[in-house]
Amino acid sequence: MKHETAANHAGLITPTPDNPPLVEPIYQSVKFTTQTYEDLAAILDRRKEGYFYSRVSNPTVQQLESLLAKLQSRDASIAFSSGVAALWACFFSLLKAGDHVIIFLESYKPTRYLVRNLLARFGVRSSVLSIEDLDTLESEVRKNHTRLILFESPTNPMLKIADIRAITQIAGKAGVLTALDNTFAGFHNHGEFEVDFFIHSLTKFASGHGDVLGGAIIGDHARINAMRRDAFETGASLDPHAAFLILRGLKTYYLRYEKQAENAKSVALWLSNHPAIERVFYPGLDSHPQHALATEQMKSFGALVSFDLKESTAFAPFINKLRLFRIAASLGSTESLVAPVKLLFGTDLSDEECKIARITDRSVRLSVGIEAIDDLIADLAQALEGAFSKH
Ligand SMILES: *Cc1c(COP(=O)(O)O)cnc(C)c1O
């Protein structure tokens, strides 16, 4: 064999089953071969387990999918190239023209875009409600013969708690499907509720290091398998290398999440006692308006803290003076982040909608990292002092 040929037919080294690698290998191959025509036909017909093309299935991605299902207490999942791709797949796979979907003002901004701008083009009707107004939810479901309710808890960005049992009961009585975007709550939480689908942005706590995009829909076998073809035919499949990075991130998920939640609670408590702060929202604080519900529903309260600065505290100078809390969107990675709420999450909402969603011009969202708590608090203290002294 000439070198030009050998360079393209190197052959595979496959360790024997009694000598496997400890860390999952990355199957960075788009194509999988078979020995024979008959084997290929059997795999395509699903008479035989096997791989063919990585947009359809890939061992590294499959390994991630089965772990995600387990962590969220379900038995199947589909991984996507981003969280938004998972949200979109959930909508387009479950809805058709004439159907009705309900989402909430208290949600991730692109979710509202998908429903209000994209689904509307395909004749899907929608209502965008307040997560706290369950009477309206019930009447809208009845009036519109709703097909799907998609919600979050805690909600982005101001951390309201959805009453999951009440929502799933309203849906259950009317035969409506439910999907919970569980990105903020993480895999610790909500697995015991009768939610049909969980959606996660794996970009956040799952990968944990802010260096990879990914998403997933998680649910029971029959429902997830019914979505699988729609998913791979529309192409937002997760790359195997990204799946590997997310699998690696998940090894430390519980350590990171718990440390971040502990830091977040300390930050929230400290902020609540600071004279420059109007009000603080952290589901784990007694002062949170829905603390009792949060305690009932959640095993851990997460890493997000939202608050409003007092009018006498200068907004931009406070954000600009922070050194450890870096200005960025996103959440759930190991470093602490600060997000100006209205600018990042509220520009598509009317004043009235912002009010319902609790978003003000002085709202700030923190994603608290794993740094030493004393350093984080010192950073907030110096930034608040700087912002104060401007007046
Ligand atoms: C980030 C996020 C998404 C979207 O995830 P991407 O991976 O950025 O596409 C969806 N829902 C929530 C609640 C998020 O925070």
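The values are calculated or read from the model by the stated rules, or taken from the named source; none is laboratory data. All figures in this text were calculated on a predicted structure; none of them were measured in a lab. FYI the Cβ positions are ideal-geometry reconstructions off the backbone, even for glycines, and counts take in every protein chain you see. Please note that ligands, DNA and RNA were not included when accessible areas were found on the heavy atoms of the full protein model with its side chains. Shrake-Rupley method; radii C 1.70, N 1.55, O 1.52, S 1.80 Å.
I'd like the residue in the stretch 77-126 that is out of contact with any Gly (no Cβ under 9 Å at 6 or more places or on another chain), of a type in the set (D, E, K, R) and assigned to a helix (DSSP H, G or I) and, out of all such residues, is nearest to the ligand (Cβ to nearest atom).
Per the criteria, the residue is ARG112.
Name, by its number, the condition in (1) open to solvent by less than 10 Å² (accessible area, probe 1.4 Å); (2) in contact with a strand residue (DSSP E or B) (Cβ under 9 Å, 6 or more places away or on another chain); (3) within 16 Å of the ligand (Cβ to nearest atom) that does not hold for LEU271.
So the condition that LEU271 fails would be (3).
Is there a residue being polar (S, T, N, Q) and part of a helix (DSSP H, G or I) anywhere in the stretch 362-385? It would help to see each step written out before you state the result.
Filtering the stretch 362-385 down to residues polar (S, T, N, Q) leaves 363, 367, 382.
Pick out the ones that are also part of a helix (DSSP H, G or I) and you get 382.
Yes: the stretch 362-385 contains one or more residues that are polar (S, T, N, Q) and part of a helix (DSSP H, G or I).
Could you check PHE325 against (1) touching a residue at least 60 places away in the same chain (Cβ under 8 Å); (2) more than 22 Å from LEU105 (Cα to Cα); (3) surrounded by 17 or more Cβ atoms within 10 Å (Cβ to Cβ); (4) not acidic (Asp, Glu) and say which number it fails?
That leaves (1) as the condition not met.
Give me the pairs: first residue in the stretch 26-51 and free of Cβ contacts under 8 Å to residues at least 12 places away in the same chain and more than 22 Å from GLY11 (Cα to Cα), second residue part of a helix (DSSP H, G or I) and hydrophobic (A, V, I, L, M, F, W, C), beta-carbon distance under 8 Å, and six or more apart or on different chains, which are they?
So the pair list comes out as LYS48/ALA42; GLU49/ILE43.
Restricted to the stretch 175-212, and to residues that are among the polar types (S, T, N, Q) and assigned to a loop (DSSP other than H, G, I, E, B), which residue is farthest from the ligand (Cβ to nearest atom)?
ASN189
Contact list please: Cβ distance under 7 Å, first residue in the stretch 244-267 and farther than 25 Å from PHE281 by Cβ and touching a residue at least 60 places away in the same chain (Cβ under 8 Å), second residue of a type in the set (A, V, I, L, M) and in a helix (DSSP H, G or I), pairs at least six apart or on different chains.
The qualifying pairs are ILE246/LEU64; LEU247/LEU64; LEU247/LEU67; LEU250/LEU67.
Please work out if ASP361 is open to solvent by 70 Å² or more (accessible area, probe 1.4 Å), of a type outside the set (Gly, Ala, Ser) and under 20 Å from ILE277 (Cβ atoms).
Numbers: open to solvent by 70 Å² or more (accessible area, probe 1.4 Å): yes; of a type outside the set (Gly, Ala, Ser): yes; under 20 Å from ILE277 (Cβ atoms): yes.
Yes.
Restrict the check to the stretch 139-150 and report whether at least one residue is closer than 18 Å to VAL195 by Cα, of a type in the set (Lys, Arg) and outside any helix (DSSP H, G or I).
yes
Could you tell me which residue of the stretch 218-235 is nearest to the ligand (Cβ to nearest atom), considering only residues that are hydrophobic (A, V, I, L, M, F, W, C) and in contact with a Lys or Arg (Cβ under 9 Å, 6 or more places away or on another chain)?
Top of the filtered list is ILE218.
Among the candidates ALA372, ALA294, ALA314, single out the residue that is open to solvent by less than 30 Å² (accessible area, probe 1.4 Å) and either basic (Lys, Arg) or out of contact with any helix residue (DSSP H, G or I) (no Cβ under 7 Å at 6 or more places or on another chain) (or both).
On the way: ALA372 fails: open to solvent by less than 30 Å² (accessible area, probe 1.4 Å); ALA314 fails: either basic (Lys, Arg) or out of contact with any helix residue (DSSP H, G or I) (no Cβ under 7 Å at 6 or more places or on another chain) (or both).
Selected residue: ALA294, the only one of ALA372, ALA294, ALA314 that is open to solvent by less than 30 Å² (accessible area, probe 1.4 Å) and either basic (Lys, Arg) or out of contact with any helix residue (DSSP H, G or I) (no Cβ under 7 Å at 6 or more places or on another chain) (or both).
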